[in-house]
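Visitor: The structure follows.
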Amino acid sequence: MNLSVQEIKNILKAEVTLNSNQFIDTISVDSRSLQNKENTLFFALSGPNYNAHQFIPDLISRGVHSFVVSQAPQEFVADANFLVVDNVLIALQQLAVYYRSLFEFPVVGITGSNGKTIVKEWLNFLLSPDYNVIRSPKSYNSQVGVPLSVLSTNERHNFGIFEAGISTVNEMKFLAPIIKPTIGIFTNIGSSHNEGFENIQQKISEKLELFENSDILILEESAAVRQLIAKDQKIFSWSRNNAAADVLINASKVENSDTTNLSVKFDNQNFEVKIPFQDDASIQNATSCLMVLLYLKYDVATIQSRLSSLYKVEMRLQLKNGINRCVIVDDSYSSDFQSLKIALDFLESQKKHLKKTVIISDIYQSGLPLEEVYRKVASLMQSNQISRVIGIGEVISCYEHLFVNIETFASTADFLEKFEEMTFADESILVKGARSFKFEKVVLLLAEKNHETVLEINLNAIAHNVGFFKSKIATTTKLMVMVKAFAYGSGGFEIAKLLEYLKVDYLGVAFADEGISLRNAGLKIPIMVLNPENSSFPSIITFKLEAEIYSIKGLKAFIKVCEEKKVENYPIHIKIDTGMHRLGFEENTIDELIEVLKHTTSVKVQSILSHLATSDNLEDQSFAHHQLNLFEKLSSRIISDLGISPLRHILNTSGISNFPEHQYDMVRLGIGTYGISNDPAEQKYLQNVSTLKSIISQIRTISQGESVGYSQKFIAEKITRIATIPIGYADGIDRGWGNKVGYVMINNQKAEIVGNVCMDMLMADCSDIQCKEGDEVEVFGKNPTVIEMAEALNTIPYEVLTGVSQRVKRVFYRE
Ligand SMILES: *Cc1c(COP(=O)(O)O)cnc(C)c1O
């Protein structure tokens, strides 16, 4: 991108305040990115609970000079360019439409229910020997992601691949003119996101809008879809059984291998293509890619050789614990410029250490001349304050003079050989390289060794769930998120960092040491300690934590510590017992509480809170109303007697859902963050956060009459295949889950747990499942869900989640 503010103003028909005619090379919507700089045009997007206008002063102080806004902040009009428009998102999309019109090259537009990102990544791999491809980074396929992807095109690119994702009606009409595909791919239609549509026809029709001006539309032959397509639309179709299709595919899986043979019949030609996958989704995705190559008139030999080297696409950025207290961001499967920017933002959001290292391979497919590419990479490293760059590859080695702090190696092997001599400690490390560099070997050396059992935490899902609850509360209501008990078992500082990045107002922990370890990890956000012991008061003050005070004794002890430390107005939180009868000032102690508070200047009542005992009871709300009334009465009395105006809060997750009129000034969101609701209607809108995974250690076949496990609780009635899985009650799997009460998923099929669950292992019946030793096993996550498991075990999801033992490694990822 290379446009002036003046040009952009004309394109957007915007009013402009100052007009310094700044030249713009980067578009940003993320105020937190360290990549924002003078030549950035920042679009201040806003949503029901989000308004980026609030970050403008900070961005100006960091050197950003140009903004698209719906309202120019009067106090800054002399300092920056403000392009004033009615709707900032529409303006972003308009700019992308204009920008797209500057490029004439072929563009593939992909939509459909599944496989969009994989088809996009594979096509990029298949076509990049012949083209300079620009593609959407990761799965940037939304109303914001699509324009950002298209706006990152440069004059050297000569082929575009963009994906579009929609979740309801009237969305595609905005994305279609931005992508303006010449070649359309409709991957398939599934049932995901059906909520946003009245029926399947409406969903298909909406998606097909992407292709209205395409030269060709590639899809699987289907009468149902055809009748929704305009008559004059040119179609290039494939099928595995319908002779009406242009291309007929017959897929046969090669036994005892990972390969599938596709026999392709097209235009009087018959040929075979091998792909290194056997699952149906991969066959479908590979076929979509094959169709593009046929349409582009690739010869058979090239098609065969390229499709045979398709690979498993890793769409996730993973966060792992490393050696010597390092944190590793693992993105070892791609090395283009756009995804580098995203990975650097992720590194920033999750950094635990000041020191940041980037290990990077040669950069592929930027479209730009090499010198320019590496100059840009070097300047990205600087703006992201990367302390050390390790460049691996012959090309990046040639350009090392452009970097400030770089050490280079000609190959991954060279680096691995020197690894022992280098130090990696107390730093955040991004590992990012093209597939061919095999950086997974680098990650293997840097990351802490995992057992086969891991708890995977989807950070996007946490962000989604927090966003969902934010949209349910008033814009003026503050949000505290509970991260006690290792964030309900999901992690520690990693989750807290993310929540700080998401700009929640407060974090809540149970004990002071939990808060202290968050402070040690660099968190700056206010943290409330629910259940502080008196002995922890001095360190609460040292670490700037805020104690919940629930008794006169505790209050006096805290005041004494403040006096000794000579601190004034230290924030405290007053807990009132309104009926839970756990912690808190009871009604008959309120007068004394007020008296003590009147006579001290050591503390300041930052908030008054209570906790509901029955907020999840959808049938009988009478006790909750009794508590709410008492809270109103007692908190009002404290406020008026002391003449103070603290925050008030009483709602937890189910309270937010069931008593929205009692939000007061803040709510305390707990389990909802981690994807659990007590209300099935609401559960639909939450995303699964935690997936407990293991593998099959060993498979054996036992005869009829033989037993499995301690106390011979399972006796085989017939010949039975038994898979042993290295996870047991010491990892948090309740023994009640054994003996066919529970199951695990092996290759997407249910395998009943047979016999007793052992301390470190359990056994499952895999007689009817195609599987081998080493295959992945899902213990909980999407299936079975934690909710389902809790019900069977006669407990609550909280216990299942927090029960996963700390010896199970947590792995965090972003999609
Ligand atoms: C744990 C806790 C919460 C959060 O409860 P959820 O049901 O997980 O939302 C809120 N307030 C207090 C005092 C808590 O202890």
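Visitor: Condition first: outside any helix (DSSP H, G or I), of a type in the set (Asp, Glu) and modelled with pLDDT of 90 or more. Can you find one or more residues in the range 359-376 that meet it?
Guide: Taking every residue of the range 359-376 in turn, at least one turns out to be outside any helix (DSSP H, G or I), of a type in the set (Asp, Glu) and modelled with pLDDT of 90 or more.
Visitor: Which one is nearest to Gly738 (Cα to Cα), of the residues in the range 753-788 that are more than 22 Å from the chain's Cα centre (by Cα) and of a type in the set (Gly, Ala, Ser)?
Guide: Selected residue: Gly755.
Visitor: Another question, if that's okay. Tell me yes or no: at least one residue of the range 772-786 is within 16 Å of the ligand (Cβ to nearest atom), open to solvent by 40 Å² or more (accessible area, probe 1.4 Å) and closer than 21 Å to Gln687 by Cα.
Guide: For the range 772-786, residues within 16 Å of the ligand (Cβ to nearest atom), open to solvent by 40 Å² or more (accessible area, probe 1.4 Å) and closer than 21 Å to Gln687 by Cα: absent.
Visitor: Only one of (1) out of contact with any helix residue (DSSP H, G or I) (no Cβ under 8 Å at 6 or more places or on another chain); (2) in contact (Cβ under 8 Å) with a residue 40 or more places away in the chain fails for Ser252. Which number is that?
Guide: Result: Ser252 fails condition (2) only.
One line per residue, one yes/no per condition, for (1) within 16 Å of the ligand (Cβ to nearest atom); (2) modelled with pLDDT of 95 or more; (3) within 27 Å of Leu692 (Cα to Cα); (4) under 26 Å from the mean Cα position of the chain (by Cα):
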residue: Lys484; (1), (2), (3), (4): yes, yes, yes, yes
residue: Leu498; (1), (2), (3), (4): no, no, yes, yes
residue: Gly515; (1), (2), (3), (4): yes, yes, yes, yes
residue: Ile527; (1), (2), (3), (4): yes, yes, no, yes
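Visitor: So, one more: Among the residues of the range 634-679, count how many are at pLDDT 95 or above, in a loop (DSSP other than H, G, I, E, B) and over 18 Å from Ser490 (Cβ atoms).
Guide: Here the count works out to 10.
Visitor: Further question: Hand me the list of strands (runs of 3 or more DSSP E) wholly inside the range 453-552 holding 1 or more residues that are under 16 Å from Leu669 (Cα atoms).
Guide: 478-482, 506-509, 527-529
Visitor: In the range 382-402, how many residues are surrounded by 23 or more Cβ atoms within 10 Å (Cβ to Cβ) and part of a helix (DSSP H, G or I)?
Guide: Summing the residues that are surrounded by 23 or more Cβ atoms within 10 Å (Cβ to Cβ) and part of a helix (DSSP H, G or I) in the range 382-402 gives 1.
Visitor: Let me ask something else. Taking Glu206 as the residue in question, decide whether it is among the charged types (D, E, K, R) and either touching a Phe, Trp or Tyr at 6+ places or on another chain (Cβ under 8 Å) or more than 22 Å from Thr168 (Cβ to Cβ) (or both). Steps first, answer last, please.
Guide: Values: among the charged types (D, E, K, R): yes; either touching a Phe, Trp or Tyr at 6+ places or on another chain (Cβ under 8 Å) or more than 22 Å from Thr168 (Cβ to Cβ) (or both): yes.
Against the criterion (among the charged types (D, E, K, R) and either touching a Phe, Trp or Tyr at 6+ places or on another chain (Cβ under 8 Å) or more than 22 Å from Thr168 (Cβ to Cβ) (or both)), Glu206 qualifies.
Visitor: Do we have any residue at all in the range 658-676 that's open to solvent by 20 Å² or more (accessible area, probe 1.4 Å) and of a type in the set (Gly, Ala, Ser)?
Guide: No, the range 658-676 contains no residue that is open to solvent by 20 Å² or more (accessible area, probe 1.4 Å) and of a type in the set (Gly, Ala, Ser).
Visitor: Quick check on the range 442-462. Is at least one of its residues open to solvent by 40 Å² or more (accessible area, probe 1.4 Å) and closer than 14 Å to Ile360 by Cα?
Guide: There is no residue in the range 442-462 that is open to solvent by 40 Å² or more (accessible area, probe 1.4 Å) and closer than 14 Å to Ile360 by Cα.
Visitor: Right, here's the next one. Can you spot a residue in the range 670-685 that is away from the ligand (no atom under 16 Å from the Cβ) and free of Cβ contacts under 8 Å to residues at least 24 places away in the same chain?
Guide: Yes, there is a match, as at least one residue in the range 670-685 is away from the ligand (no atom under 16 Å from the Cβ) and free of Cβ contacts under 8 Å to residues at least 24 places away in the same chain.
Visitor: In addition: If I go through the range 727-745 residue by residue, how many of them are in a loop (DSSP other than H, G, I, E, B) and acidic (Asp, Glu)?
Guide: 1
Visitor: Which strands (runs of 3 or more DSSP E) sit wholly inside the range 22-115 and have at least 3 residues that are aliphatic (A, V, I, L, M)?
Guide: Qualifying strands (runs of 3 or more DSSP E): 107-111.
Visitor: Restricting to the range 546-581, and then to whatever is among the basic types (Lys, Arg) and farther than 16 Å from Leu630 by Cα, can you tell me which residue is least open to solvent (accessible area, probe 1.4 Å)? Spell out the reasoning first.
Guide: Taking the range 546-581 first, the residues among the basic types (Lys, Arg) are 553, 556, 560, 565-566, 575.
Those still in the list that are farther than 16 Å from Leu630 by Cα too: 553, 556, 560, 565-566.
Working: Lys553: 161, Lys556: 106, Lys560: 123, Lys565: 87, Lys566: 171 Å².
The selected residue is Lys565.
Visitor: Can you find a residue that is under 21 Å from the mean Cα position of the chain (by Cα), closer than 23 Å to Ile342 by Cα and within 16 Å of the ligand (Cβ to nearest atom) anywhere in the range 433-443?
Guide: no
Visitor: Still on this structure: Just the residues that are more than 23 Å from Leu319 (Cα to Cα), out of contact with any helix residue (DSSP H, G or I) (no Cβ under 7 Å at 6 or more places or on another chain) and open to solvent by less than 20 Å² (accessible area, probe 1.4 Å), please, taken from the range 498-516.
Guide: Tyr506
Visitor: Which condition does Ile249 not pass, out of (1) outside any strand (DSSP E or B); (2) touching a Phe, Trp or Tyr at 6+ places or on another chain (Cβ under 7 Å), if it passes all the others?
Guide: (1)
Visitor: With respect to Phe623, determine if the residue is touching a residue at least 40 places away in the same chain (Cβ under 8 Å), in the same structural domain as Lys472 (by TED's automatic domain parsing), open to solvent by less than 10 Å² (accessible area, probe 1.4 Å) and away from the ligand (no atom under 12 Å from the Cβ).
Guide: In short, no.
Visitor: Is the range 299-316 home to any residue that is under 30 Å from Arg519 (Cβ atoms) and within 21 Å of the chain's Cα centre (by Cα)?
Guide: Looking through the range 299-316, at least one residue is under 30 Å from Arg519 (Cβ atoms) and within 21 Å of the chain's Cα centre (by Cα).
The values are calculated or read from the model by the stated rules, or taken from the named source; none is laboratory data. Treat the numbers as computed from the prediction; the structure is a model and nothing was measured. Neighbour counts run over all protein chains shown; Cβ positions are idealised from the backbone, glycine included. For the accessible areas, the whole protein counts, side chains as well, though only heavy atoms, and no ligand, DNA or RNA atoms are used. Shrake-Rupley method; radii C 1.70, N 1.55, O 1.52, S 1.80 Å.
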